[in-house]
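One structure is given here, and the rest of the page talks about it.
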Number of protein chains: 2
Amino acid sequence: MTDAKFDVLAIGNAIFDVLVQTDDGFLARHEMPKGSMSLIDEARATAIYRDMGPATEMSGGSAANTIVGLASFGARTAYVGKIKDDQIGKMYAHDIRAAGVAFDTVPATAGPATGCCYVLVTPDGERTMNTYLGAAQNLSPADIDPAAIAASRFVYLEGYLWDPKDAKDAFVKAAAIAHEAEREVALTLSDAFCVGRYRDEFLELMRGGTVDVVFANEAELSSLYQTSDFDGALKQLREDATLGIVTRSEKGCVVVSNDGVVSVPAFPISKLVDTTGAGDLFAAGFLFGLVRQAGYEAAGKLGALAAAEVIQHIGARPQVSLKQLAEKNGLPV
Amino acid sequence: MTDAKFDVLAIGNAIFDVLVQTDDGFLARHEMPKGSMSLIDEARATAIYRDMGPATEMSGGSAANTIVGLASFGARTAYVGKIKDDQIGKMYAHDIRAAGVAFDTVPATAGPATGCCYVLVTPDGERTMNTYLGAAQNLSPADIDPAAIAASRFVYLEGYLWDPKDAKDAFVKAAAIAHEAEREVALTLSDAFCVGRYRDEFLELMRGGTVDVVFANEAELSSLYQTSDFDGALKQLREDATLGIVTRSEKGCVVVSNDGVVSVPAFPISKLVDTTGAGDLFAAGFLFGLVRQAGYEAAGKLGALAAAEVIQHIGARPQVSLKQLAEKNGLPV
């Protein structure tokens, strides 16, 4: 294993967020399952947008949010995701590079527009997402640069990659290159409905050793093992993954590995504004802890801190330096 | 004078805001006059954007922010401004219509992209704006619908319209139609540097009766009369405009008219975050007071309330219902 150029390289659906604060009636009217991510086609995107209030836009995408969080902590980072060379794609590329992330995926010059997600934030702070994949549909194995993968300490992949048709091949290719180079591969299960769509494949990725580290929230874990028995599901996760991290919102997180089980409390917040990016930023902090070999408890605290920052404002990316925030809170950076 | 269909119709440069929190070093490095609006060409736009951090985007434009504020108070509103039919233009049109504003200006199908403004917000909350006019350059008298103007109780115009080459003709055409229909015409002086560019023309608009109501902040008033003597400038404004409103940041505003001089304090705030839109939203509240014939003092309070809301978050448009906010504060709606 040679020295890593990047601490973490993330691969995901490159998605531009269009965020709006709304009420539960809007979700009901459009039959949206609250708190989840639904894939939408262009016709539904048009119908939803037409009915939405004035919005705020910013770059998003689950793994992209995580990698931007890692960069904010001070990690060396890279991102792979497909945009189109349109106005939104140019803003997307600007934002991720301006965050300090290496981003060299060649944009599409034809085909659908850069992907976007209509994020409806209800007064309880919950976010409900509607994703038009757009150009992200065209991420393919050709977008995977073996040298960049082999030069990354961790490769972080989102379960959402199972939605676009060729992205799973890119995912598997990247994981194989990473393991060949003795790197570690992490996966987030992304969304309970996503787990429902690809349960067997996700379990096969874990059991077959394609992924080493698995991030899930309670709903995703419950969907993965089709049980509401949290402790039972946790036990299964411990068998299926080298390292498993389960987030439980205000109850903090549980880390399971061969070393045992570690629980870490959530970080206190003043006001929940928008949960968009909570899981993404938790993963950023936790992975940063792994990069710094800070131990699971410190990693959990770093994850909790980053999640707490992002849920206290609109949007899925940090608004302050997470490095400075961690220092202020006496956490390792 | 027939019944008005719209309480206020606003005409301005349709500009999409790209906002970023930065430090004073950025302004110094790019030689930006802090707190002002500078016009930039495509080359400079590229250079600034390349150096900017990750951004948040939302629709902006001075008079557009004002009209959205008026709609949020519950006024019947319309907007005239030139976008292109590109991705950003589509978001722009969505946002203003979703706010309840009638917006029927035909988008450009060729020529420069929808205009945008790089807004740099420094830690003191001050905003420094760099505007690439883009499609807004092509607003022309043909975009003025005489019926819509004649059906509007107030026509509100921004001084920035003097920058694009044909927009001033649109401005003058609209003012003439409005007066023909016995409506009132209001103007915001927009920016001290803008006043510097068009001082004589703005004075001529006021003295010649093209505009009736004039909004200015202290710096713009000082630039208009080329004096640092506030009381002297105020006296001149009282002679030159039927109604003049001067905003003084945390010192509130002063209203001058034939009826005398009225001072209204600023509305208290918890934390100054971003002054972008402060003047625009003040004008929204004040105009709403005029629409409701609430008297200058109540109008000033409505303006102060709307300005206080917008400077406590990032971005130039209200994040809450101004109607509800006014009701909560015992102000007329």
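Where a number appears in this text, it was derived from the coordinates with a stated rule and is not lab data. Because the structure is a prediction, the values reported are computed rather than measured. Please note: Cβ atoms are built from the backbone with ideal geometry, for glycine as well, and neighbour counts cover all protein chains shown.
For chain A, the 222 nm mean residue ellipticity estimated from helices alone, with every DSSP H stretch of n ≥ 4 adding -39500 (n - 2.57) and the total spread over all residues, rounds to -12000 deg cm²/dmol. Here the label points at B:Asp24 and B:Glu297, each 7 Å from Cα along the C-beta direction, are separated by 4.0 nm in the simple model.
Taking 37 °C and 0.692 mPa s as conditions, region A:113-162 diffuses translationally at an estimated 241 µm²/s according to Stokes-Einstein applied to its Kirkwood radius (Cα pairs).
Holding the Cα-Cα limit at 27 Å, pick out from A:Lys168/A:Lys251; A:Lys235/A:Lys271; B:Lys5/B:Lys82; A:Lys82/B:Lys82; A:Lys271/A:Lys323; B:Lys271/B:Lys301 the pairs that are longer than that. Provide the component values of the computation, followed by the final result.
On the way: A:Lys168/A:Lys251 32 Å; A:Lys235/A:Lys271 33 Å; B:Lys5/B:Lys82 22 Å; A:Lys82/B:Lys82 31 Å; A:Lys271/A:Lys323 22 Å; B:Lys271/B:Lys301 19 Å.
Exceeds cut-off: A:Lys168/A:Lys251; A:Lys235/A:Lys271; A:Lys82/B:Lys82.
Is the C-alpha gyration tensor of region B:1-154 telling us rounded, prolate or oblate? Criteria: a/c under 1.5 is rounded; beyond that, a/b larger than b/c is prolate, otherwise oblate.
Working: a/c = 2.44, a/b = 1.77, b/c = 1.38.
Here region B:1-154 falls in the prolate category.
Close amide H pairs (under 5 Å, H built 1.01 Å from N) link A:Ala14 with A:Lys82, residues at least 5 positions away or on another chain.
Quick one: Cα centre-to-centre distance for region B:211-228 and region B:1-56, in angstrom? Value for the Cα centre distance between the two parts: 21 Å. Antiparallel beta bridges, as assigned by DSSP with both residues in chain A, represent about 35 percent of the total such bridges. Once the convex hull of all Cα atoms in region B:56-123 is built, its volume per residue stands at 92 Å³. Residue by residue along A:52-63, Cβ atoms of other protein chains within 10 Å of the local Cβ number 5 on average. Annotation: amide H-H contacts under 5 Å for A:His313 (H modelled 1.01 Å from N, sequence separation of 5 or more, or interchain): A:Val273, A:Asp274.
When each of the peptides A:26-38, B:14-26 is scored by how many other beta carbons lie within 10 Å of its residues on average, the order from highest to lowest is B:14-26, A:26-38.
When a/c is below 1.5 the answer is rounded, else prolate if a/b is larger than b/c, else oblate, so apply that to chain A with a ≥ b ≥ c taken from the square roots of the Cα gyration tensor eigenvalues. Verdict is rounded for chain A. Per residue, the convex hull spanned by the alpha carbons of region B:184-235 comes to 68 Å³. Here's how it looks for A:Ser38: its modeled amide H is under 5 Å from those of A:Met129, A:Asn130, A:Thr131, which are all 5 or more places away or on a different chain.
Using the 7 Å Cα-to-Cβ label point, sort the distances from B:Lys271 to its equivalents in the other copies shortest first and give them in nm to one decimal. Here B:Lys271 shows inter-copy label distances of 0.9 nm.
How well do other chains shield peptide B:87-100, expressed as the mean number of their Cβ atoms within 10 Å of each residue Cβ?
On the way: counts 11, 5, 1, 2, 8, 0, 0, 7, 8, 1, 2, 8, 2, 2.
Partner Cβ neighbours, averaged per residue: 4.
In order along region A:10-17, the Karplus-derived 3J(HN,Hα) couplings, from 6.51 cos²θ - 1.76 cosθ + 1.60 at θ = phi - 60°, round to 10, 10, x, 7, 7, 10, 8, 8 Hz, and Gly and Pro are given as x. Spin-label pair A:Ala43-B:Ser321: with each label point 7 Å from Cα along the Cα-Cβ axis, the two points sit 3.4 nm from one another. What the phi angles of region A:265-270 give under the Karplus curve with 6.51, -1.76 and 1.60, with θ = phi - 60°, is a coupling list of x, 5, 8, x, 10, 7 Hz, glycine and proline written as x. Positive contributions from Lys and Arg (+1) and negative ones from Asp and Glu (-1), summed over other residues with Cβ under 14 Å from the Cβ of A:Thr247, come out at -2.
Summing charges over all other residues whose Cβ lies under 13 Å from the Cβ of B:Val185, with Lys and Arg as +1 and Asp and Glu as -1, gives -2.
Excluding A:Asp145 itself, calculate the net charge of residues whose Cβ lies under 13 Å from the Cβ of A:Asp145, where each Lys or Arg counts +1 and each Asp or Glu counts -1. Taking every other residue near A:Asp145 into account, the sum is 0. Hey, could you get me the Stokes-Einstein D for the protein assembly as shown, Kirkwood radius over alpha-carbon pairs, 37 °C and 0.692 mPa s, rounded to whole µm² s⁻¹? Reported coefficient: 126 µm²/s. FRET efficiency for the A:Asp124 to B:Thr109 pair, using the beta carbon distance and R₀ = 45 Å, is estimated at 0.60.
Taking label points 7 Å from Cα along the Cα-to-Cβ direction, B:Phe230 and A:Arg207 give a separation of 7.6 nm.
Reported to the nearest whole Å, the Cα centre-to-centre distance from region A:260-333 to region A:83-107 is 25.
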